[in-house]
Each structure stands twice: as structure tokens, then as C-alpha cells.
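The next block holds one structure in the form of C-alpha cells; read it before the comments.
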């Protein structure tokens, strides 16, 4: 949920134009995994800013806690111990959360008008008051990010602090990150910074260092610098070629004109019905039933 | 820190050893990231565990807990045998050329003068040879068989890469790779910074571990340099302030020392500390000891302190021994100490062998706890199952809890690791009945003074005459206390060079400790902090971050002790002729008439290089000590001794002397140490980034991040023991047991040590029986009651345990 409303690029399940009077710069959050010390300050800052609190859990034999994203934990650190080279241990710690795709699968999948929006700055935001709790966005997300709340049947995820960004601030996780592993700025600046980081990593022996900015979803507004960009899956299952699922593509792609046609037919049918039969009247009996149900 | 946090960005090589900066000091760690990103620094971590620091290191070397002196001694040997020392620096600025007295000896693990029965050394042979001119003798050619450099070479010749590997369990190749990186910084234009913390201090040879590293830095010419130094990372935001203000039992403020039992004569007390130069032309700054001491007494006792009564010297307690925390709890345990004030401290959780602490606390008549939280100590009498298995009905101690504020609820200064005093402002009102610590202490003091006034008593003088000029006596403000430790003129002060010129008028705040006098005309609560609140105002509140040199010194940001100097010993950043070793990291330089530059000179500002004054002005010889004389309890050169609970039952260097021969061990504790047969695994306790000590288990967000107690073991040990990640395990030492979830990890590896496999068990320590995180066991149930031979800091980092699936 956000303060923004004047600079929306697109909205879920909406055919009318979106407000676009204000144009904002495209933003990007860069997570440099090679600088991350796994301190979880970003997890704390996220909960503090958004005033959410997860339950106090248990230890499950790993450092990860909470163990997964939840409707209250919109970001978590994921820890992977790997020996990619014989005898050379690496502890790869990745901050997981919404990637804010340029082509958001959640938005495409969402049938609730205006429940998912994409601002012109690239942030993909959920407007929970419009959410119908169907969970299609969860199916539509190639990164398995949104989480459905049992309390209110709404779906929650990282907003990239769209409220802070709208007011000219950086996201809370960026503000708190002690090592500068998470940085935020214009897309252009961040890509340049990421490229510099890759040069540094290559000079330190990471021949396959690179940027994770997957094109299968049109690029993302959260990108990673990875030591092993050739093997994103070693970072606790970061997908190699994420894309929007075929069902969502079908529903919003090929099927959409058909659906629109169907919708038009319904409208035409209704008009025909009105012309030929007159307006529908609700009988007093049915109205009473409604009242009783209330 | 000899340097400061920001300065780490200037380093070429960063060694984190005996600490875990990323995890325990994540905010300061940003400067490591900065050095890597913009100074192309190489970052090395040496630790028994692959920590979150190691996760971002260029090179990681494992070593067995407690074997750091062997490792660093091996580096010293490497530097000497590969000729990778900064020759000019070593010759001019260390005591390498000094000749050691005849009679000094090191043989089979013991230095000359050992008294086995007393577990102490007669240190008289650990000395320089003194010439007829009363100065120490030196051999500029460094060839004399008894000169420090030759003795040093001889001492560390035993620390070969093979020996290091055998003691530490570090692979030879990995060790040599670390040596190579460190050795690159012997070039005058490259520096190594060392960041350490409790991973060095909490051993029975902790002080000597730190010394070994400091000696290495002297050999490399890295002391006094931007991007160099020995950098102790302090764990609590103001623990540096605590030590500076003398809150240790044998210290007075500003590292002045308490007189000992035999020191009943005032002049003798001063003379022993006001050391005369040991070489011609040296400053030996402690010659000013008397000025600091008299000004302190004037600050405390005002007009009552006079020349005639030796500035109230007789009022100071005379120590028969050091009353460190282990000694105090030993006395309590013996029933000889029966009242205890516990302020901002949680001894039940923080001191070793919890069972012993439990018994000790139960012998008290009263216990006063001043703390913002309901600590375990304040609830030591409550029964909490296995977590705190005591019988409240049998405990008679009266516990009085006085709730205090936390740092965010008061104004004041915090002294960070880099010696910066930074002023902060109250952010919130304290809850309920909580009061600032100063108010609580003031309340107790005023009541005591009233009682002494009314009833007299055996020795009322120091209480009745203590200076107490606060505007509201029950509420001394942080501002008033700060002005007091800065000090003021008690009479008009004139310029020593021109007596007609008045520098400060009576009552004005001092500009710094250079103005202190020993004639009673100045008062100063802590000479080191003088300059923090001058006539110009609160220097600690300054927030000008301009940095013209780009070295990060920002000398108009807050105030750094001493005298706002940012890098200690910075005279050593220049060659003897006064030219910086490296122009790119010029801290100061001789401009023909004075020393000046990006930092405040840690030196006599107008002493020309030709005067021959050396950079280590606090030492009577003016140079850094590779040979420590009689300053350390267990020897002038650091030697590897095993932890008191060793997993290898021997010391490969000298099997007859296994552990620190000069460490104090109380009766009953020695017999109680575990042996490897019953307790085969090397255990170490530590902190996690998600928590701060035993406090943050009281806060929900930290509890969410690490909710439950766990221990860590290697995959190999887990397999051997049939343990899986997430299982409950029982870990026990000869003192007790804990139960916790187990994390099975690749980050702890079995090490090959002296012909056997040594497994580590890692024990994070943040849980207890109070707070909102899941309840757990205090880790100090397991740890041994023995400390470093010099500081008595307990050996929390190396002991023995056993482990089984619960």
C-alpha cells in the first residue's frame, strides 16, 4: 500500500487508463551478495518500518529465521553453505523478497481490479483493500514471493517501501544496511555501480561474477550482484530463467481477447435483454432473503 | 583502538582474528567493506569458525581455539626469516637494538625467575642492561647476542610452519598464504590493520595474544600509520568509557593506578609511576603523573586536598591484591564478602561457572541490582527448572532492584572503540520508576553522607569531603559531570614561558591536560578526557565531518582522547627525519618549525627530528617494545600455552609446561578442570549478530531473528555422534550441562592437531531464563573459573565439553 497515485503505469484487471500525470524516474534496488554479512538488520528494519511482527519461532538447525517469507516478514535472509571448489567453503547469504519485475506475473494474474499496481518508477505494489484473496498472484509469481494472510485473506509482500520512496527516502532495508550491500537509486546509477562491483569481484578471483537482472520477466527493479552469476540456483534456489507461468500467460495472453469478446457478448446480451424484456426487477422475496443474510 | 573505525578504510590488508567484526560490530565493519571496495584491500579472517566475517573475506584460515600465539609467533618467524620487516622503522622505533640484562633466560617453557609454588615470576632478569649513565644500553648494529632482535629471532625460531600447523591445525599452505599477505605490508607504503575483540581477550593467555600481534605490527612498521595499528573492538557502546574512567578495581580515572598495600608513602607512589627517560632525549610522558594525580584529588576533594596532607593520599584504599570479578566472586563464594552492588552487570550470566556464582550469590546478605531489565542475576533465587535449578526457600539473600534508565533515556557521551567521545541526547522519557544511574548513586551517597554526619563513624573524611557541587544534588547532570572530568583552573593560570600572561582565569574550563599542575591550582576528574568540555563548549557535541586529507580523521567531529588525536603514535608515520613514510597517508610531518598535518601530533609539537625524540612518548625508552620487560605476568616474549582445558593433553612446544604458568587458579578450581578423556571436544562461546549479550532476548524483534538457543558442530562430528541438524543435544562440561538445538555446519571443520582430530563445539551465549525469546540455558554453566594472568578476563573461548543427542 502506498501514498502514490499520480504515476501508475498499470493496474491489475483494469481497462481504463491509469493516472499518469506525474512521471517519476525508474528506480532500482541493488543487493550486492558479496558485501552481505547476513546480519538481518534489513529484516528488522522492514518489520519496524511497516509495523509488522512475526511470531517468535524456533531454531530449525540453521541460521535462517523466520524460516520463510510470511505476511509479516516481507524479506528474509537465506543462508547457503557451499564448496563449489574443492576445499573452498563459501557462505552465500541472499536477501530474498519481491524482485519488482518489469513484467510482473502477479499483476498479470490478478483478477481483482487495482489490487496490484505498477508505478512508473517500476515498483510493483499490492493495494490490499482491493485484494480478493484468490491467490492468483502467488501462482503468477516466478519467485514465490507473495504470502496470503490467514487473518484477513489478503496477500502481502515487499512494497520496496513505495511510501518512503514517494517521499524521497530510500527503502528501510537500504537505510539500515551497515555494509552498503543494499543500495538504491536510479536504474542507470545502480546498473553502473553493479558493473563496477563485478569488475572488483572478477579481480578477486570470481571469474563468473555478474549481475542478476533476468530478462524473462523484462528485467527487475531489484537486482543482485552475484559471485557466481552463471549459477544463480546456488543462492538458495534463485531461478536461472524466471518467467511468467504458462497458465498466467494463457489467461492474460491468448485467452484475454477471447475473454474480452466473451465480456462484450455478455454486455450485448444484457442490452438485448433490456431492450426486449425490460429491466430486471428483484422480487421482494429475494430482497428479504438478502436482508436476513446480513 | 590505536587508530579508529573510519581509518580502517586506509588499510591494504585487514586481519580479523580474535574477533568477528562483521557479526559483533556490523556497523563499524562498513569500513572493511569500504577498504575492499575503494582501496582494493585484501581481507583475511583467522578463526576456529567460518564466521559471517569469513563469508566476505578473501582468505579464511581455520585454527584451533586458544592457539593464536602459535599462529602469530609463526608469522613473526616468517617475517624474520624471510626478511620481511620494515628495517628502518624496527631499528629506530622499537627496542630491537636494546641489550637485555644478563641472567634473562627462556628454557623449556619457562622464563627465568619462576616460583612454582607461588605460580609467579621474579621478573628481575626481564630487564635492559643499564649503562653507567643510567640509560639502557643499545647495539645499533643489532648483532649483540643479547639484543632484543637476536633474542626475538631465537625465541620464535621454534615456531616453524610445521609447528604452527601441528599446534593450530591450520594447513601449512593456508598459513603461508596468510603470512605472504601480511608480509606485503612491511613496505613503507602498505599497511595492515588488525581488528580483534573478545576472541583474544578471553583466554588465559589473552593479553599475550594481543601482544604478539602488536609485535608483528611493530616489525611491519604499521603502528602509528593511517590504515595500521592494533584495533580492539569494544563490545558495548561505552565500555571504552568505562575503562577510561577507571571503573576497574585497580585503576583510577585515566589509567592512573591504585596504590598497593606497601605504598603508604605519597612521594614513593608518585616516583614509581613518574618514570624517568631510559634513553637520552626521550619524553617519557608519565613523568607528568603527579600533575594528573593531584588534579584528580583536587577534583574529588577540593579544598580538603592540600600539599600538607599529600592531597589526601591517605584516603585512597591501598590494595592487597586486585579485586577483579573472579576474585570478588571467589571471596563471595568463601563467605568473606557479603554485600554486593551490581550496576549494569549480569554476573550470573556473564561470569564463568554459573553453579559457583549461584552458590556465591546465595551467601550474600544483600544484593543491590541497578539495571533497566529484570536480569537473571536479580532473579538468581527463582526456580526455573533445569535453566536455574535452585531452591528459593533456602536462599536468604535480600535482593533490592533499582530500575535504571537505558542510554536512549538520558543525555551523555559514549566513548567508542576509536576513543571518540560522542555526545548524545535523550530520546525518550524513562518508563515507570526508572532513574538515571547518576541519580541512584547520588541518592545512595547523600543518604550515606547524612548518616556519617549524624553518627560519625570510623572513617568519615572521604565521604564528608567529597566534592558535590551539583545544582540539584540528587540529580547530577551529564553536562555537570562532563565539565568535571574535563577539569578547570582553581586559580589564575599563567603561561610557564611568560608568567605575566594569564592563560586561564580562576574557574575557567581547561583547554587540555597540558595545563594540569601538581601544585593544587587545577582540578580534573580524568586527565585523558581533558579537552572534552573547554571554554569553547562541549567538544564532544561537535558534528563537522569535513575531512580535508581524505584519510577520514574529521578532527572537528566530536572529541578523541588524548588531546583529540585520532591515530596514536602518529609520529611513527614519519621517518626519523620527519618525512612521512608514505605521502599518500600523511598524518603529520615536520614543517621546519613544528609538527602539523591531518591529525593532532602525538608528540612534542616543537621537537625537531634532530632532537632524536622517539614516537612512543608514553614509554621511558621512547620506542615500541618487542621485549616487554617486566610488564607481563608470564614473560617478556609471548609463548604459546594451552588453554587450561586442552583437547591435546600436552603442549607440543614443551610438554612439561602445558598451560600458562603464571595464571591464578583458585583452590578447588584446578582440580575441577575437565580432561580430554571425558570431555573430548574443544568448546568456545561467542555472540551472534542478532543479539546483544543477555539484553536483547527481552526485545521482540531480536527474539524473532534468533528465537532459540543452539550450538554448532561440524558435519563430521554430527555423523560420528548420530546427530542431525535440528536435533536437541546435551552439551556438558565438568561444571554442568546445557540442552539446545544443534546446527550442523560445514563452517566448522575437524582439525588435525598434534596427531589427533580436534572437533569444536560452538556455543552462542545469548539465552537465559528471563526475557521473551525462548528460554534457554546460560552458557556460562559450562565455562571454567580461570582468567588471563594479567587482566583476569575469564577463559570463555577455550574449554572442554562432551556432546550427545538429548
Report task. Within segment B:19-30, track down each residue that is touching a helix residue (DSSP H, G or I) at 6+ places or on another chain (Cβ under 6 Å) and touching a residue at least 40 places away in the same chain (Cβ under 8 Å). Result -> B:19
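Residue-wise test of (1) closer than 22 Å to residue B:406 by Cα; (2) part of a loop (DSSP other than H, G, I, E, B); (3) touching a helix residue (DSSP H, G or I) at 6+ places or on another chain (Cβ under 7 Å).
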residue	(1), (2), (3)
B:430	yes, yes, yes
B:443	yes, no, no
B:449	no, no, yes
B:463	no, no, yes
B:476	yes, yes, yes
B:491	no, yes, no
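Take the conditions free of Cβ contacts under 8 Å to residues at least 40 places away in the same chain, more than 10 Å from chain B (Cβ to nearest Cβ) and in contact with a helix residue (DSSP H, G or I) (Cβ under 9 Å, 6 or more places away or on another chain) and apply them to residue A:15. Does it pass?
It is true that residue A:15 is free of Cβ contacts under 8 Å to residues at least 40 places away in the same chain, more than 10 Å from chain B (Cβ to nearest Cβ) and in contact with a helix residue (DSSP H, G or I) (Cβ under 9 Å, 6 or more places away or on another chain).
Yes/no matrix, rows are residues, columns are (1) at positive phi; (2) within 14 Å of chain B (Cβ to nearest Cβ); (3) surrounded by 23 or more Cβ atoms within 10 Å (Cβ to Cβ):
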residue: A:50; (1), (2), (3): no, yes, no
residue: A:67; (1), (2), (3): no, yes, no
residue: A:72; (1), (2), (3): no, yes, no
residue: A:83; (1), (2), (3): no, yes, no
residue: A:90; (1), (2), (3): no, yes, no
residue: A:119; (1), (2), (3): no, no, yes
residue: A:132; (1), (2), (3): no, no, no
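Is it fair to say residue B:326 is under 30 Å from residue B:686 (Cα atoms) and in contact with a strand residue (DSSP E or B) (Cβ under 7 Å, 6 or more places away or on another chain)?
yes
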Report summary line: The number of residues in segment B:557-572 that are in a loop (DSSP other than H, G, I, E, B) and in contact with a helix residue (DSSP H, G or I) (Cβ under 9 Å, 6 or more places away or on another chain) is 8
Query raised in the report: Is it true that some residue in segment B:442-462 is in contact with a strand residue (DSSP E or B) (Cβ under 7 Å, 6 or more places away or on another chain) and in contact (Cβ under 8 Å) with a residue 12 or more places away in the chain?
Result: no
Query - Matching residues in segment B:765-778 - criterion: being within 12 Å of chain A (Cβ to nearest Cβ), within 21 Å of residue B:351 (Cβ to Cβ) and either touching a strand residue (DSSP E or B) at 6+ places or on another chain (Cβ under 6 Å) or surrounded by fewer than 21 Cβ atoms within 10 Å (Cβ to Cβ) (or both) - result: B:775
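Would you mind finding the one in A:10, A:78, A:94 that is within 25 Å of residue A:163 (Cα to Cα) and either at the interface with another protein chain (Cβ under 8 Å from one of its Cβ atoms) or buried (at least 18 other Cβ atoms within 10 Å of the Cβ) (or both)?
Matching residue, one of A:10, A:78, A:94: A:94.
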Report summary line: From the option list B:738, B:748, B:723, B:757, single residue qualifying as closer than 29 Å to residue A:68 by Cβ, modelled with pLDDT of 95 or more and part of a strand (DSSP E or B) is B:738
Report task. Identify the residue in segment B:39-56 that is free of Cβ contacts under 8 Å to residues at least 60 places away in the same chain and at the interface with chain A (Cβ under 10 Å from one of its Cβ atoms) and, among all such residues, is farthest from residue B:190 (Cα to Cα). Result -> B:55
Query raised in the report: Taking the condition buried (at least 22 other Cβ atoms within 10 Å of the Cβ) and touching a helix residue (DSSP H, G or I) at 6+ places or on another chain (Cβ under 6 Å), does residue B:192 pass?
Result: yes
Report summary line: Note: among B:164, B:138, just one is on the phi < 0 side of the Ramachandran plot and crowded, with 24+ Cβ neighbours inside 10 Å, namely B:164
Query raised in the report: Which residues, counting only those in segment A:32-47, are outside any loop (DSSP other than H, G, I, E, B), out of contact with any helix residue (DSSP H, G or I) (no Cβ under 6 Å at 6 or more places or on another chain) and more than 7 Å from chain B (Cβ to nearest Cβ)?
Result: A:33
Report summary line: Restricting segment A:155-195 to residues that are away from chain B (no Cβ under 14 Å) and assigned to a strand (DSSP E or B), the one nearest to the chain's Cα centre (by Cα) turns out to be A:156
Query - Residue match in segment B:582-593 (condition: buried (at least 22 other Cβ atoms within 10 Å of the Cβ) and closer than 30 Å to residue B:302 by Cα) - result: no
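The values are calculated or read from the model by the stated rules, or taken from the named source; none is laboratory data. Bear in mind that the values here come from a model prediction, so they are computed numbers and not experimental data. All Cβ positions, even for glycine, are placed from backbone atoms using ideal geometry, and neighbour counts span all protein chains on display.
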